[in-house]
Amino acid sequence: MQTRRAPAVLRRGLPALVGAALCLGTLAVWWPALRNNFINYDDGGYVMQNVHVHRGLSWETIQWAFGTTRNGNWHPLTWLSHCLDCQWYGLNPAGHHLTSILFHVFNAGLLFLALRRLTGAAWRSAWVAAFFVLHPLRVESVAWVAERKDVLSGFFFMLTLWAYGRYAETQSLKSKTQSREARDGSPGPEPGITQHASRNYLLALLFFALGLMSKPMVVTLPFVLLLLDYWPLGRLQPSTVLRLLREKQPFFALAAAVSMITFFVQTAGGNTESLPLSFRLSN
C-alpha cells in the first residue's frame, strides 16, 4: 500500500520542490550584487543624500512619503522601503542590495505559484518564472538600489495575479453551482464560496493598490487581468464581456487616478516637456 501511495505523495510535493529550487537558484545568481556600491545615478536622491530616508520609519517619514513627489514620482511604498533599509542597515549598500535581492527571490516563487494556479502546468510555469527572474533585463531592477520600485511593484503585481487566480477559481465554482441549481433545482452556492470569492477579489484589489503605490507602471495590470480572462481562464466570452468589464471597474478607477497623479507630477517636474506626443505614444 505504501509503495502505491509514494509516487502520489511525490507528485504532490513536486511543485514545492520546483518552487524552492527556483527561489534558491534566483538567490544564487543575484547574490554577487551584494558587493555592489551605491552609484551616482539616482541613488543619491533616493538614499545617500535624502535626509528623510535617513531618519528611518516613523510617522513623520510616512507623512513625507505619501506627500512628496520627489524624483518626479508618487510612490510612497518605495520611499518607505528605503526608510526601513536605512533604519536596519544605515548607509551600508550591501543591506540595501540584500532587500532588493530578497524581493526578487519572492517574485520568482510568487510568479511560479500564480502561473501554476492559472494554468495548472507546473513545469511550464517554472520555466516562464525562471526566464523572467534570470533575464538580463532584470539586472537594472535588482542590482541598482534606486530601482527598488521595480522589484517592489513586481512583488505586488505577482500577488495580484495569485489572488485573482484564486478569485477566478471560486467564481467558476460559484457559476457551476448556480447552473446546477437552475437545471435541477438543487441548492445554490454555499455562503462560504461567495465569501471566499469576495475576499480574494478584495485581496487582488488591495495588492493592485499597493503595487500602484510602489511604481505607477502597474497601471497596465487591469488589461493583463482581461487577457488572463481570455487565456488561460477562459472566462472571456461574447456573453461575459460586459460583466467582466464591470468586474474590473475598481481596478481601472485606481489605474486612472494614479495615471492622473503621475501625469501632473511628471509634468511639474519637467519630465515630459521635451518629449513630443508621438514619441511618448510609440514608446
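For region 244-256, the candidate set comprises residues that are surrounded by 15 or more Cβ atoms within 10 Å (Cβ to Cβ) and under 17 Å from Gln171 (Cα atoms); within that set, the residue that is farthest from the chain's Cα centre (by Cα) is Leu244. Beta carbons closer than 6 Å, at least 6 apart along the sequence or on distinct chains, pair a first residue in region 34-54 that is on the phi > 0 side of the Ramachandran plot with a second that is buried (at least 19 other Cβ atoms within 10 Å of the Cβ) for Asp42/Ala146.
Name the residue that is nearest to the chain's Cα centre (by Cα), counting only residues in region 200-215 that are free of Cβ contacts under 8 Å to residues at least 60 places away in the same chain and farther than 11 Å from Ala163 by Cβ.
Here is the first cut: in region 200-215, the ones free of Cβ contacts under 8 Å to residues at least 60 places away in the same chain are 200-209, 211-212.
Subsequent filtering for residues that are farther than 11 Å from Ala163 by Cβ retains 209, 211-212.
Working: Ala209: 10, Gly211: 6, Leu212: 9 Å.
Only one residue fits best here, namely Gly211.
Can you tell me which residue within region 82-92, out of those that are part of a helix (DSSP H, G or I) and of a type in the set (A, V, I, L, M, F, W, C), is farthest from Val51 (Cα to Cα)? Talk me through it step by step, then tell me what you get.
Taking region 82-92 and keeping what is part of a helix (DSSP H, G or I), we get 82-89.
Still in the running and of a type in the set (A, V, I, L, M, F, W, C): 83-84, 86, 88.
Values: Cys83: 10, Leu84: 13, Cys86: 10, Trp88: 15 Å.
Among those that are part of a helix (DSSP H, G or I) and of a type in the set (A, V, I, L, M, F, W, C), it is Trp88.
When Leu227 is tested against (1) among the hydrophobic types (A, V, I, L, M, F, W, C); (2) within 30 Å of Gln63 (Cβ to Cβ); (3) within 19 Å of the chain's Cα centre (by Cα), just one condition goes unmet, and that condition is (2). Out of all the residues in region 209-216, is one or more within 22 Å of Leu159 (Cα to Cα), in contact with a Pro (Cβ under 7 Å, 6 or more places away or on another chain) and surrounded by fewer than 20 Cβ atoms within 10 Å (Cβ to Cβ)? The answer is no; no qualifying residue exists. Filtering Pro232, Pro222, Pro216, Pro189 for residues that are farther than 30 Å from Phe263 by Cβ and modelled with pLDDT of 75 or more leaves a single hit, Pro232. Looking across region 220-243 at every residue that is assigned to a helix (DSSP H, G or I) and more than 12 Å from Tyr164 (Cβ to Cβ), the one that is least open to solvent (accessible area, probe 1.4 Å) is identified as Val241.
Count, please, the residues in region 110-161 that happen to be in a loop (DSSP other than H, G, I, E, B) and buried (at least 19 other Cβ atoms within 10 Å of the Cβ).
So in region 110-161, the residues in a loop (DSSP other than H, G, I, E, B) come out as 120-121, 135, 144.
With buried (at least 19 other Cβ atoms within 10 Å of the Cβ) added as a condition, the list becomes 144.
Here the count works out to 1.
Is it true that Trp79 is open to solvent by 30 Å² or more (accessible area, probe 1.4 Å) and in a helix (DSSP H, G or I)? No.
Could you pull out the residue among Gly44, Gly56, Gly95 that is small (Gly, Ala, Ser), assigned to a loop (DSSP other than H, G, I, E, B) and more than 23 Å from Thr267 (Cβ to Cβ)? So that I can check it myself, show each step before the final result.
Numbers: Gly44 fails: assigned to a loop (DSSP other than H, G, I, E, B); Gly95 fails: assigned to a loop (DSSP other than H, G, I, E, B).
It is Gly56.
Within region 36-76, the set of residues being of a type in the set (A, V, I, L, M, F, W, C) and surrounded by 15 or more Cβ atoms within 10 Å (Cβ to Cβ) comprises Phe38, Val47, Met48, Val53, Leu57, Trp64, Ala65, Trp74.
The values are calculated or read from the model by the stated rules, or taken from the named source; none is laboratory data. Since the structure is predicted, the reported quantities are computational estimates derived from the model, not experimental observations. Using ideal geometry, Cβ is built from the backbone for each residue, glycine included, and neighbour counts are taken over all protein chains shown. Protein only, heavy atoms only, side chains kept; ligands, DNA and RNA dropped before computing areas. Shrake-Rupley method; radii C 1.70, N 1.55, O 1.52, S 1.80 Å.
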